[in-house]
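Please read the structure below before turning to the comments.
The values are calculated or read from the model by the stated rules, or taken from the named source; none is laboratory data. What you see is a predicted model, and the numbers here were worked out from it, not measured in a lab. Glycine also receives a Cβ, built like all others from the backbone with ideal geometry; neighbour counts cover every protein chain displayed.
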Amino acid sequence: MLELPFFFTFVPSKTKTLRHSHIFRITMADIQQLRRIATQVRRDIIRQTSMAASGHPGGSLGCTELFTALYFEVLKHDPKFSKTGAGEDMFFLSNGHISPVWYSVLARSGYFPISELATFRKLNSRLQGHPATHEGLPGIRVASGSLGQGLSVSIGAALAKKLDNDPNLVYTLTGDGELQEGQVWEALMFAAHHKVDNLIAIVDWNGQQIDGPTAKVMSLGDLPAKWAAFGWEALQIEHGNDMQAVLNGLAEAKMHTGKGKPVVVLMKTEMGFGVDFMAGTHVWHGKTTNAEQTERALGQLEETLGDF
């Protein structure tokens, strides 16, 4: 958590008008450091997937600002790691195929050695292509990757915190293509009905999935209106690849917790962001770079914290 004494006021989203401003204890130098971490995380993503010759770099690159903001500023979490998450915030990744970005921030925030990133998708590695609990990797509380299930798990964890009188929050991330799964909408109804207001769901709204643009595969329609109609507090982050915008949006979301409604943040990102030839297309959803492309991609991403 970065907490140096400088204050700035964030701008509310277009979806909701705030009744009052909120203040961050964070300097612009801190914002710059978060951006430097994000650049290194992007290098980690490219290197993990290229070394393994498999994986999902596109969505990982698109969500780098979010994961960096969560693990280095927003979440109350302990790298010593307890499966129960008692006394801390919890995070669940539903679209588990973007594991490279999660593994990178977990390692770089102290959950396991950074050098272990080199084992991604290797035989007997704890860093499976989709996160799993069998290997005992710190930071992972549930296996994920079978799409549509993460929100349900997160609701259960949030209800458990209520039973335990634990005031901390549960965060979860889902892909927008994942919203085509029926279980997601059952979970939406359940969370609203049971007033699970210690939950913040985030949707990676990049408009892409493995078979193409979501608009062509199965249109998602008016997502803010749909989530609101299901009884959620629906917020938006218009620029999910801008660190300050992500921090602002997450702070706004936190302000709406504890008020009788679950909260969703619909975060617009660009798949493949940070690498020019990978950005804005579904092609790199589950495709890795060859040696020449890897060199080209890394040439666009400064080594800020040291490679694994």
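Within region 37-79, can you find the residues that are acidic (Asp, Glu) and either under 14 Å from the mean Cα position of the chain (by Cα) or part of a helix (DSSP H, G or I) (or both)?
Residues satisfying the conditions are Asp44, Glu65, Glu73.
Quick one: count up the residues across region 26-57 that are more than 16 Å from Arg121 (Cβ to Cβ) and not β-branched (Val, Ile, Thr).
Going through region 26-57 one residue at a time, the tally reaches 12.
Anything in region 262-285 that is farther than 14 Å from Ile46 by Cα and buried (at least 19 other Cβ atoms within 10 Å of the Cβ)? List them, or say none.
Result: Pro262, Val263, Val264, Val265, Leu266, Met267, Thr269, Glu270, His282.
Within region 80-112, can you find the residues that are part of a helix (DSSP H, G or I) and either hydrophobic (A, V, I, L, M, F, W, C) or at pLDDT below 95 (or both)?
Ile98, Val101, Trp102, Val105, Leu106, Ala107
Yes or no, residue by residue, for (1) of a type in the set (D, E, K, R); (2) closer than 26 Å to Arg43 by Cα:
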position: Ser82; (1), (2): no, no
position: His97; (1), (2): no, yes
position: Leu106; (1), (2): no, yes
position: Tyr111; (1), (2): no, yes
position: Arg126; (1), (2): yes, yes
position: Gly136; (1), (2): no, yes
position: Gln149; (1), (2): no, no
position: Asn165; (1), (2): no, no
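Hey, could you check region 1-36 for residues that are at pLDDT 95 or above and more than 24 Å from Gln236 (Cα to Cα) and say which is surrounded by the fewest Cβ atoms within 10 Å (Cβ to Cβ)?
The qualifying residue surrounded by the fewest Cβ atoms within 10 Å (Cβ to Cβ) is Arg36.
Select, from Ala187, Ala192, Ala228, the only residue that is of a type outside the set (Val, Ile, Thr) and in contact with a Pro (Cβ under 8 Å, 6 or more places away or on another chain).
From the options Ala187, Ala192, Ala228, the qualifying one is Ala192.
Of Thr288, Thr294, which residue is part of a helix (DSSP H, G or I), of a type in the set (S, T, N, Q) and either surrounded by fewer than 18 Cβ atoms within 10 Å (Cβ to Cβ) or modelled with pLDDT of 95 or more (or both)?
Thr294
Going by the structure shown, is Val283 closer than 18 Å to Ala38 by Cα and either assigned to a helix (DSSP H, G or I) or free of Cβ contacts under 8 Å to residues at least 40 places away in the same chain (or both)?
no
In the set Ala228, Ala201, Ala245, Ala192, which member is within 19 Å of Ala158 (Cβ to Cβ) and in contact with a strand residue (DSSP E or B) (Cβ under 7 Å, 6 or more places away or on another chain)?
Ala201 is the lone residue from the list that is within 19 Å of Ala158 (Cβ to Cβ) and in contact with a strand residue (DSSP E or B) (Cβ under 7 Å, 6 or more places away or on another chain).
Does region 256-272 contain any residue that is within 30 Å of Thr294 (Cα to Cα), of a type in the set (Ser, Thr, Tyr) and part of a loop (DSSP other than H, G, I, E, B)?
Checking region 256-272: at least one residue is within 30 Å of Thr294 (Cα to Cα), of a type in the set (Ser, Thr, Tyr) and part of a loop (DSSP other than H, G, I, E, B).
Exactly one condition in (1) under 15 Å from Leu147 (Cβ atoms); (2) part of a loop (DSSP other than H, G, I, E, B) is false for Gly221; which is it?
For Gly221, the exception is condition (1).
Out of the residues in region 146-162 that are closer than 16 Å to Thr174 by Cβ and out of contact with any Ser or Thr (no Cβ under 8 Å at 6 or more places or on another chain), which is modelled with the lowest pLDDT?
So, considering only residues that are closer than 16 Å to Thr174 by Cβ and out of contact with any Ser or Thr (no Cβ under 8 Å at 6 or more places or on another chain), the one modelled with the lowest pLDDT is Ser146.
Report yes if Gly306 is in a loop (DSSP other than H, G, I, E, B) and surrounded by 15 or more Cβ atoms within 10 Å (Cβ to Cβ), otherwise no.
no
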